[in-house]
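Visitor: Starting off with a structure, shown below.
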Amino acid sequence: MITGELKSKIDGVWQTLWSGGISNPLSVIEQLTYLLFIKRLDELHTLKEHKSARTGRPIEGPVFAADQDHLRWSRFKETAPEQMFATVRDQVFPFIKSLGYKGAADGEGGSTYTHHMKDAIFMMPAPRVLANVVDQLDGIDMADSDTKGDLYEYMLGKIASAGQNGQFRTPRHIIKLMVDMMEPAPKDVICDPACGTAGFLIAASEHMIQYHSDVIYKSAAARRRFNEGTFHGYDFDNTMLRIGSMNMLLHGVENPDIRYKDSLAQSDEDDAEKYTLILANPPFAGSLDYESTAKDLQQIVKTKKTELLFLALFIRLLQSGGRAAVIVPDGVLFGSSNAHTKLRRMLVEDHKLDGVISMPSGVFKPYAGVSTAILLFTKTNSGGTDNVWFYDMQADGYSLDDKRNPQPDKSDLPDILTRWLEREGEVKRARTDKSFMVPKTEIAANGYDLSINRYKEVVYEAVEYDPPQVIMARLAQLEEEIAGGREKLERLLK
């Protein structure tokens with residue numbers, strides 16, 4: 001967990017850039033990203049130097065050549081502001097833009113990060129601003145991967161508080177819940193077709209490192225597969241791609257497949273049935289023209305609504321046996337249009353719908369108050385739905401207002417994970433409980449409606465009222481008391 005001291009340091013850096021003229025929060029994060037990367041490169045080179053000194057061998061895979069020593073963070077930070085500004089702008093920045101990040105690409109043509117950096121712009125407005133930021137960042141130790149990850153998440157969290165750009169961020173605890181439920185393994189090929197800052201891919205990588213590090217790092221081939229073949233993310237915002245790829249790099253995934261792509265548009269690339277696991281919170285509440293939408297998605301479901309098109313895309317991208325945990329607006333669960341009903345019927349009848357978690361509307365505040373749900377399903381192409389597990393999430397550990405204050409004693413998330421992993425015992429649960437099973441036949445009889453309120457039973461407490469005669473007598477007594485009080489008041493006023 002990020003400490004108060006670290007938060008105050010980042011807040012100070014943020015304020016320095018803001019007052020220096022960089023007002024777009026995404027641009028602030030971009031500029032901090034570049035500087036943190038430059039700092040991290042120097043730390044990596046220093047580690048290699050220490051290893052060389054211990055072993056007495058030449059530096060293995062140096063980040064900086066002998067004539068590039070002045071480009072290191074530890075060197076230029078000691079220079080005067082004007083000289084530092086010129087060095088970073090004219091030499092360091094071009095260096096990182098052309099760098100085939102050696103830790104990632106092994107000298108074989110450049111990494112994902114390098115690819116997205118080619119359009120990056122150095123936006124530091126003045127030498128004093130750069131010198132101030134460098135001085136503040138210098139006190140942050142980037143060696144610990146948890147510190148790097150938490151620090152970056154904190155910066156991304158500031159996007160949400162800045163207004164509309166918050167649409168790019170899914171709450172980290174919700175992401176972790178979905179990843180823990182899916183339990184990604186080293187054999188998985190994971191995709192987020194609307195990856196934004198790559199939050200789902202990072203959480204999946206952390207889960208795999210925590211539970212499968214022995215498999216991931218057992219050989220060079222296994223490590224290469226983890227770093228280059230496991231994680232795939234698409235987005236059509238180049239700023240998001242830069243931030244997302246850097247986010248992955250700071251979390252220890254060296255060369256993920258994060259690239260520019262409009263996931264719903266017609267494409268020559270055939271990525272159908274390519275992935276074994278999809279984790280996503282796609283954009284919804286929008287509409288597209290039929291002409292701009294991929295024809296194979298229109299064949300699955302004829303619609304202009306992005307939330308339905310993305311659901312059709314998930315089905316197309318998954319291999320048979322592949323799993324998905326995705327966030328959808330509540331309208332997907334009970335919408336009555338032909339497209340809504342067809343997609344739900346497809347999930348229930350043609351594939352295996354595993355679960356539906358209804359989330360309270362405050363989960364995405366302060367920047368969205370829409371009610372959402374998590375859909376969990378397995379692509380089978382041959383049915384398999386027997387009972388569908390429903391959970392009525394009422395609290396996520398934070399207040400459900402715009403402030404979203406932590407309330408750790410009010411969270412259904414641990415219970416959701418426990419009950420999901422032991423679903424067999426849920427069959428006997430009553431419909432009045434937070435979670436229960438619903439047979440496929442009942443869902444089909446209800447027009448494939450997946451809203452939890454359709455199946456949940458509400459127990460109403462009986463309230464007993466006094467007989468009307470007693471209530472009338474009480475009213476008469478009150479009227480007498482009021483009249484007596486008025487008479488006393490009138491006598492006092494005479």
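Bear in mind these aren't lab numbers, they're just calculated from the coordinates by the rules spelled out. These numbers come from a predicted model, not from an experiment. Cβ sites come from the backbone with ideal geometry, for glycine too, and all protein chains shown count toward neighbours.
Visitor: Among 13-22, 458-467, 485-494, what's the highest-first ranking by average C-beta atoms within 10 angstrom per residue?
Guide: Result, highest mean first: 13-22, 485-494, 458-467.
Visitor: Please compare each pair in Lys118/Lys274; Lys51/Lys97; Lys48/Lys118; Lys9/Lys410; Lys434/Lys456; Lys176/Lys304 to a cut-off of 19 Å on the Cα-Cα distance and tell me which ones are over it. Kindly include the intermediate steps, with their values, before the conclusion.
Guide: Working: Lys118/Lys274 28 Å; Lys51/Lys97 27 Å; Lys48/Lys118 27 Å; Lys9/Lys410 30 Å; Lys434/Lys456 9 Å; Lys176/Lys304 31 Å.
In this structure, Lys118/Lys274; Lys51/Lys97; Lys48/Lys118; Lys9/Lys410; Lys176/Lys304 lie more than 19 Å apart at Cα.
Visitor: Indicate the gyration tensor shape class of the stretch 210-342 (rounded, prolate or oblate), computed on the Cα atoms with a ≥ b ≥ c the square roots of the eigenvalues: a/c under 1.5 is rounded; otherwise a/b larger than b/c is prolate and the rest oblate.
Guide: It comes out prolate by the Cα gyration axes.
Visitor: Compute the Cα gyration tensor for the stretch 342-431, then decide on rounded, prolate or oblate, letting a ≥ b ≥ c be the square roots of its eigenvalues: rounded whenever a/c is under 1.5, prolate when a/b is larger than b/c in the other cases, and oblate in all that remain.
Guide: On the way: a/c = 3.20, a/b = 1.66, b/c = 1.93.
Oblate, because a/c is 1.5 or more while a/b does not exceed b/c.
Visitor: Based on the alpha-carbon gyration tensor of the stretch 166-454 and its eigenvalue square roots a ≥ b ≥ c, which shape applies: rounded if a/c is under 1.5, prolate if not and a/b is larger than b/c, or oblate?
Guide: The shape class here is rounded.
Visitor: Further, regarding this structure: Fully extended, how many nm does the chain gain between Lys410 and Gln298 (0.36 nm per residue separation, minus their Cα-Cα distance)? Intermediate values should be presented prior to the final figure.
Guide: Numbers: separation 112, 0.36 × 112 = 40.32 nm, distance 4.23 nm.
Roughly 36.1 nm would be gained on extension.
Visitor: In terms of Cα to Cα distance under 19 Å, which lysines are near enough to Lys403, apart from those fewer than 8 places away along the same chain?
Guide: By straight Cα distance, Lys403 reaches Lys7, Lys158, Lys365.
Visitor: Let me ask you something else. Going by average Cβ neighbours within 10 Å, how do the peptides 257-267, 190-200 rank, with the highest at the top?
Guide: Packing order, densest peptide first, comes out as 190-200, 257-267.
Visitor: Something else now. For Lys352, list the lysines whose Cα falls under 17 Å from its own Cα; do not include residues on the same chain fewer than 8 positions away.
Guide: The reachable lysines, counting only those whose Cα sits under 17 Å from Lys352, are Lys342, Lys379, Lys440.
Visitor: What whole-number value in cubic angstrom gives the convex hull volume per residue for the C-alpha atoms of the chain?
Guide: Numbers: hull volume 118.4 nm³, N = 494.
Hull volume normalised by residue count: 240 Å³.
Visitor: If you don't mind, there's one more thing I want to ask. For the stretch 294-302, in order, what is each residue's ³J(HN,Hα) by Karplus, 6.51 cos²θ - 1.76 cosθ + 1.60 with θ = phi - 60°, in whole Hz (x at glycine and Pro)?
Guide: In residue order, the calculated couplings are 4, 5, 5, 6, 5, 5, 6, 8, 7 Hz.
Visitor: Let me spell out the model: positive unit charges on the Cβ of Lys and Arg, negative unit charges on the Cβ of Asp and Glu, origin at the Cα centre of the chain. What dipole size does that give, in debye rounded to 20?
Guide: On the way: 59 positive and 70 negative charges, 80 e Å.
Taking the Cα centre of the chain as origin, the dipole is about 380 debye.
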